[in-house]
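Bear in mind that the values in this text are calculations on the coordinates, not laboratory data. What you see is a predicted model; the values in this text were computed from it and never measured. Neighbour counts run over all protein chains shown; Cβ positions are idealised from the backbone, glycine included.
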Amino acid sequence: MCPSPRTQRHGCALIIITVIATLASCSSSAHAQQGRHARVDPQALAQLEQRAKRSESDAVVIYQDGKLVAEWYFGKPQAPIEAMSATKSIVSLVIGRLVDTGKIASLDQPVCELFPEWRQGKKQKITIRQLLDHTSGLQDERTTVEIYPSPDFIKLALAAEISEEPGTVFRYNNKAVNLLAAIVKIVSGKPLDQYARDELFTPMGITDVHWNADQAGTPQVMAGLEIRAQDLARLGQMMLDGGLWRGKRILSAAWIAESTRPSRREPGYGLLWWLHQEFRAMVADDEVIAQWRAGGASADFIARLTPLKDRVFTDREAWFAAIAGALGSQQAWHDNTWRKGLPEGKHLPNPTLGYYASGYLGQFLVVIPAAGLVAIRQRRSPADDAKLEDPGLSFKDFPAMVAALVH
């Protein structure tokens, strides 16, 4: 998930809670409406509200079966907030529209057909799908320190070297996904932001959006979309309803399914969507350790974790505890895996409960189909720099707490 330049800052005023606005008599507490939403656990909802407040959330919106369950702004302005890396998932919807209308004939189309300078070497093997599932093999840093200073994100990506054989390794790649903006313009004749406005936002009544661009004027893909919580919820509801918005076909049900199923190299990721999966088992086997070694994880890190090799953990907390016990802290694990774009371990097959968009500072759009839930959490860039990397404020367990609303 990529940070971006600071967005607008706001102070905190009174706490305002609006719940089930369609009822004639509204209670000030979200958990007073369980007669209307019997499937929502009132205790779990109260816990989520308190967690959202403690983590300095700016906006939380929750729908079930298309009806508003909770809408909390905690006294803060109801204005667009940058979605950070959750922008990627919205771009996935745009690509889906291009596929549905035949402007992209196949996700397996080589990107070099659109960029002739890639008709050489391993770059000619890279496909549109590999940009979407982070397996392009293009060199990239896990952070965005190289990208934001660049005057042209497209030229930067086109000039990148190849780190791995295309299609073989999942490596979260901010640099590569920015190419999707150029692809949208080439195949549709419109810049990404205009195409999204005409084909996605306007038909759904979404008007208050802004899309940040690089210095060359190209809309970003890795981040950059500023949008309201309620409008993100509209997009989530459209996906929950199989691509329909109030009876109007926005996307095909086939694209919704395609983009939210496990991808070829990462079972926890689809096509620019993260998958919320029930934790069943985690293991560090020979394949994972080989990837750590090849990817530059420290020899000390590998040596300390080798005694855990092939040990299957069926409990998430037990896995984290074992990692922290072997390394002395989880930070060394984080630095040698996530920050290097390496796997944290191997997830054994587990059921997918839903899917979500996720962005820096804790931006979330969560959809849990079986429960009929759509949930949004947004947080602005804080005034205090010390809070930028505070894990407690990023609310990383938001998708899990949303799923726990319904048993």
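Over the Cα atoms of the stretch 88-231, each weighted equally, I'd like the Debye log10 I(q)/I(0) at q = 0.15, 0.16, 0.20, 0.22 Å⁻¹, rounded to two decimals. Log-scaled intensity ratios, in q order: -0.73, -0.83, -1.27, -1.49. The relative contact order of the stretch 268-327, computed from alpha carbon pairs under 8 Å that lie at least 6 residues apart in sequence, is 40 percent. Summarised in one figure, the compactness ratio Rg/Rh of the stretch 116-189, Cα atoms and Kirkwood Rh, is 0.94. Between ASP397 and LYS122, the modelled labels are 4.0 nm apart [label points 7 Å from Cα along Cα→Cβ].
In the stretch 364-407, the ratio of gyration radius to Kirkwood radius, Rg to Rh, stands at 1.09 when only Cα atoms are counted.
Rounded to a whole number of µm²/s, how large is the Stokes-Einstein D of the stretch 69-162 at 10 °C and 1.306 mPa s, given Rh as the Kirkwood radius over C-alpha pairs? Mind dumping the intermediate values first?
Numbers: Rh = 16.0 Å.
The calculation lands on 100 µm²/s.
Note on the stretch 267-315: percent of Cα-Cα distances in each 10 Å bin, starting at 0 and stopping at the bin with the largest distance, equals 22, 39, 35, 4. Computed over the Cα atoms of the stretch 228-287, pair by distinct pair, the Kirkwood hydrodynamic radius stands at 13.4 angstrom. Pair-distance distribution P(r) for the stretch 260-407, from all Cα-Cα distances in 10 Å bins starting at 0: 10, 34, 37, 17, 1 percent. Rounded to the nearest Hz, the phi-derived 3J(HN,Hα) couplings of the stretch 222-232 under the Karplus curve 6.51 cos²θ - 1.76 cosθ + 1.60 (θ = phi - 60°) are 5, 5, x, 7, 9, 8, 7, 4, 5, 6, 4, where x marks glycine and proline.
If you average the sequence gap of Cα pairs under 8 Å that are 6 or more apart and divide by the length of the chain, what percent do you get for the contact order?
On the way: 780 pairs, mean separation 88.9, N = 407.
The normalised contact order for the chain reaches 22 percent.
For the stretch 168-185, backbone phi angles converted through the Karplus equation (6.51, -1.76, 1.60; θ = phi - 60°) give residue-by-residue couplings of 9, 9, 7, 9, 3, 9, 5, 5, 5, 5, 4, 4, 4, 5, 5, 4, 4, 5 Hz, Gly and Pro being listed as x. With only the Cα atoms considered, the stretch 188-291 has a convex hull volume of 162 Å³ per residue. Any aspartates and glutamates with Cα under 17 Å of the LYS309 Cα? List them, leaving off those in the same chain fewer than 8 positions away. Result set, ordered by chain and number: ASP285, ASP286, GLU287, ASP300, GLU344. For the residue pairs LYS88/LYS155; LYS155/LYS387; LYS76/LYS175; LYS125/LYS185; LYS125/LYS175; LYS122/LYS340, the alpha carbons lie more than 24 Å apart in LYS155/LYS387; LYS76/LYS175.
Rounded to the nearest whole angstrom, the semi-axes of the ellipsoid equivalent to the chain, taken from the Cα gyration tensor as √(5λ), stand at 32, 28, 20, largest first. Each principal axis of the Cα cloud of the stretch 33-97 was evaluated for its coordinate range; sorted largest first, these ranges are 39, 27, 17 Å.
Over all distinct Cα-Cα pairs of the stretch 310-397, the Kirkwood formula returns a hydrodynamic radius of 15.6 Å. With the convex hull constructed from alpha-carbon coordinates only, the stretch 68-119 shows a mean projected area of 6.6 nm² over all directions. Kirkwood analysis of the stretch 180-220, using all unique Cα-Cα pairs, places the hydrodynamic radius at 10.5 Å.
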